[in-house]
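Only one structure is covered here, and it is reproduced in the block below.
What follows draws every value from the coordinates through simple rules; no lab data is involved. These numbers come from a predicted model, not from an experiment. Please note: Cβ atoms are built from the backbone with ideal geometry, for glycine as well, and neighbour counts cover all protein chains shown.
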Amino acid sequence: MNNKSGKSAQAQNNNNGYLKVEQSPALTGEVLLSGAKNAVLVTIASLVLTKGKSILHNVPASADVFEMMELLMCLGATTFFDTEQHHLFVDTTYLNNWIVPAEIMRKTRTSILAMGPLLARFGKVRIGGLPGGDAIGKRPIDYHLKNFAKMGVIISQEGDFLCAEVDALQAARLVLEYPSVGATENIIMAATRAQGATKIINAACEPEVLNLIAALQKMGAKITVEVPATITVEGVDNLQAIEHEIIFDRLEAGSLLIAAAATGGEIYIPDASADLLDVFLLKLEEMGHTITVGEGGQGIHLKSTQSPRAVSLKTGPYPGFPTDLQAPMMALQCVAEGISIIEETVFENRFHHAHELVKMGAHIKIEHNKAIVTGVKHLCGAEVVANDIRASMALVVAGMVAHGTTTVLGLHHWKRGYDALENKLQRLGARVSVHEQNHDQIWFFDERSKDKNLRKTDT
Ligand code: UD1
């Protein structure tokens, strides 16, 4: 693997670092977005369906992207990531392997999305270990497996490996009991090479799914999306390499708006599309913040109120309130006036950040899938632990409004989800910095030194 920054995938996924956050002034200014992590990961997986050289544009340099590159290289692809221009080049001409090693599978849950494309390309796949990633709930893959089975795939367990095999993928009428993003994506990708037309009913229609569909259509796939949430995929014989633009990250946009709102700031995000964040924006307005949207829904401007009111919300599949913004939104509610009730309906266990916020002085009570947040005047800096990507953002937001210093451990989650978001926050005025311990301090033995002292250096 190559990339212009010269960093290896391992270096990107540093496990030892932390974020240091100080109480910050009102965030102010204009900020650009990176490409959507959740859109690019699945699009990289979809390139397994093609034979040839593809280029993806607007690719965020987040650690999960490096993991997906590593996965594709294991399968025989070559990759080159220009991290300055955000172009990712992938050549899948000589793909020759259908085994996904356990170590890759454990690092990022998204590696399960290679299953559909590998079944379509080779008729077989062997997956070592269970998917890794965030610690948000059980995150089973039963919808993926049940529906592959309905397409004729024989699934078995061989030691630590999940094995799947099929002579020819069969089209089917598939009903998802819940509109799972990953299951929808995996089934669509497999169905592009199935015999006949596959219908997915109650499919996820998140913008990231639609971005994948656009990429697949460029490859030559025949896919239609109908109301209400039915996706039909007609199998084709061949899919070609593509050039494709990844959509901007609506979750990064939401995170930045929350950070600005928390600090009483005023920011403008020209790349953000209001159509992708409507319910979330409604909740910011209900808190008292002023949202102005540009022509055609493009470009979002936020001017914060200095006396935010608490609002209640319930997460749900798109176009509902995104579960990925629930954690940072909770940090915002911690200092709003009144009581807000946050109901998490997507993941059964996505409130770990609440315990960390309580360490900072927040008043939060958890009752099953509801968090009852009573606004307080101040939070206090503390050492806290992020155990998923969005929790890391929540704790950074809390740190920006807290008195004193906040240390957020679990830096690797931050780096998995965002492309140097700390730099964007700093430019808006935030006092946040990343500390990668194994980069800050590397000890080496200096042979030139007579007394053979150990010396410390920065690299
Ligand atoms: C994706 C996003 C993640 C987001 C989530 C919901 C990526 C890389 N990640 O995750 O950021 O929070 O959508 O918008 O795109 N479920 C099952 N069985 C399955 C699959 C899912 O029970 O086979 C359940 C999950 O446990 C969860 C719910 O369905 O409770 C939604 O999960 P899903 O939409 O599949 O999330 P991901 O695709 O993993």
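Details
- Highest to lowest packing among 379-392, 313-326, 178-191, scored as the average C-beta count within 10 Å: 178-191, 379-392, 313-326
- Local electrostatic count, Leu56, Cβ distance below 12 Å [Lys/Arg +1, Asp/Glu -1]: -1
- Dipole check for the chain: with +1 at the C-beta of Lys and Arg, -1 at the C-beta of Asp and Glu, and the Cα centre as origin, the magnitude is about 580 Debye.
- Compactness index (Cα Rg / 2.2 N^0.38 Å), the stretch 156-264: 1.32
- Simple spin-label estimate for Asn16 and Leu32 gives 3.4 nm between the two label positions (7 Å along the Cα-to-Cβ direction from each Cα).
- Using θ = phi - 60° in the Karplus curve 6.51 cos²θ - 1.76 cosθ + 1.60, the 3J(HN,Hα) couplings for the stretch 306-311 round to 8, 10, x, 9, 5, 9 Hz; x is entered for Gly and Pro.
- The stretch 181-296, relative contact order in percent, only Cα pairs under 8 angstrom and at least six apart counted: 22 percent
- Relative contact order (percent, whole number), the chain, Cα cutoff 8 Å, 6+ residue spacing: 20 percent
- Taking all Cα-Cα distances within the stretch 37-247, those exceeding 23 Å account for 38%.
- The chain: proportion of alpha-carbon pairs further apart than 34 angstrom, %: 34 percent
- Dipole of the stretch 49-194, positive direction: furthest Cα of Met115, Ile104, Ser62, with charges on the beta-carbon: Met115
- Along the axis of the charge dipole computed for the chain (Cβ charges of +1 for Lys and Arg, -1 for Asp and Glu, origin at the Cα centre), the listed residues Tyr418, Ala215, Ala260 are led at the positive end by Tyr418.
- At an R0 of 35 angstrom, the distance between the Cβ atoms of Asn96 and Thr224 translates into a FRET efficiency of 0.60.
- The stretch 13-47 and the stretch 50-91 have Cα centres lying 18 Å from one another.
- Dipole magnitude for the stretch 37-247: computed about the Cα centre from +1 point charges on Lys and Arg Cβ and -1 point charges on Asp and Glu Cβ, it is near 480 debye.
- Charge-dipole axis of the chain as Lys and Arg at +1 and Asp and Glu at -1 on Cβ define it, positive-most pick from Thr232, Ala430, Phe351: Phe351
- Per residue, the convex hull around the alpha carbon atoms of the stretch 330-449 comes to 139 Å³.
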